[in-house]
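J.: This is the structure I have questions about; it appears just below.
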Amino acid sequence: MLRRRSYRHHLQANAWYQALKKPAFTPPDWAFPVAWTTIYLLLAWAGYRLTLLPGSETLLALWAAQIALNTLWTPVFFGAHRILAAMVILAMLWIVVAVMVVMALQLDVVTGLILLPYLAWLSVAAALNFSIRRHNK
């Protein structure tokens, strides 16, 4: 029963998203799971590396904060259809990850570089979220 309800919710969210006016630079649907799978693997690797580095406590706190913000964005955007609220969450997430990248590069260059694709993808996501907000008021 829960599985059926979850699937029905997924279909409703997908129908809502497909009906939105989106910009020409919107990545194809197949790109999202590929990008997010890659990013989550890189995040796990970066998080692991951070646990091994002395002086990484602040970075680990930021790592946890970005996971929380990232997790929050999906139900706000797809579940509640609150595009502006999702944009605010995404802006906070981008700032947290940007600070993480800068701090990580200072502590361990490899970890900082591992986080760069995430920041790049968040930049695309932010532009997409902003454009969707602008065209679907």
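J.: Restricting attention to region 1-21, and to residues there that are touching a helix residue (DSSP H, G or I) at 6+ places or on another chain (Cβ under 6 Å) and surrounded by 13 or more Cβ atoms within 10 Å (Cβ to Cβ), which single residue is modelled with the lowest pLDDT?
T.: The residue in question is Ala13.
J.: Still on this structure, I have one more. Would it be correct to say that Ser131 is in contact with a Ser or Thr (Cβ under 9 Å, 6 or more places away or on another chain) and within 30 Å of Trp16 (Cα to Cα)?
T.: It is true that Ser131 is in contact with a Ser or Thr (Cβ under 9 Å, 6 or more places away or on another chain) and within 30 Å of Trp16 (Cα to Cα).
J.: Test Ala85 against the stated conditions and say whether it is surrounded by fewer than 20 Cβ atoms within 10 Å (Cβ to Cβ) and closer than 30 Å to Leu20 by Cβ.
T.: For Ala85, the condition - surrounded by fewer than 20 Cβ atoms within 10 Å (Cβ to Cβ) and closer than 30 Å to Leu20 by Cβ - is met.
J.: Give all pairs with beta carbons closer than 7 Å in which a residue from region 98-120 that is in contact (Cβ under 8 Å) with a residue 60 or more places away in the chain meets a residue that is surrounded by 14 or more Cβ atoms within 10 Å (Cβ to Cβ) and among the small types (Gly, Ala, Ser); count only pairs at least 6 apart in sequence or on separate chains.
T.: Short answer, once both residue conditions are applied: Thr111/Ala46; Thr111/Ala104; Ile114/Ala46; Leu115/Ala46; Leu115/Ala104.
J.: For region 45-81, name all the residues that are exposed (fewer than 14 other Cβ atoms within 10 Å of the Cβ) and within 18 Å of Asn14 (Cα to Cα).
T.: The answer is Thr71, Thr74, Pro75, Gly79, Ala80.
J.: Among the residues of region 13-43, how many are part of a loop (DSSP other than H, G, I, E, B) and within 15 Å of the chain's Cα centre (by Cα)?
T.: 1
J.: So Leu113 ticks every box in (1) under 23 Å from Asn14 (Cα atoms); (2) of a type in the set (A, V, I, L, M); (3) more than 12 Å from the chain's Cα centre (by Cα) but one. Which box is left unticked?
T.: Leu113 satisfies all of (1) under 23 Å from Asn14 (Cα atoms); (2) of a type in the set (A, V, I, L, M); (3) more than 12 Å from the chain's Cα centre (by Cα) except (1).
The values are calculated or read from the model by the stated rules, or taken from the named source; none is laboratory data. No experiment lies behind these values; they were computed from the predicted model shown. Note that we place each Cβ from the backbone using ideal geometry, even for glycine, and neighbour counts take in every protein chain shown.
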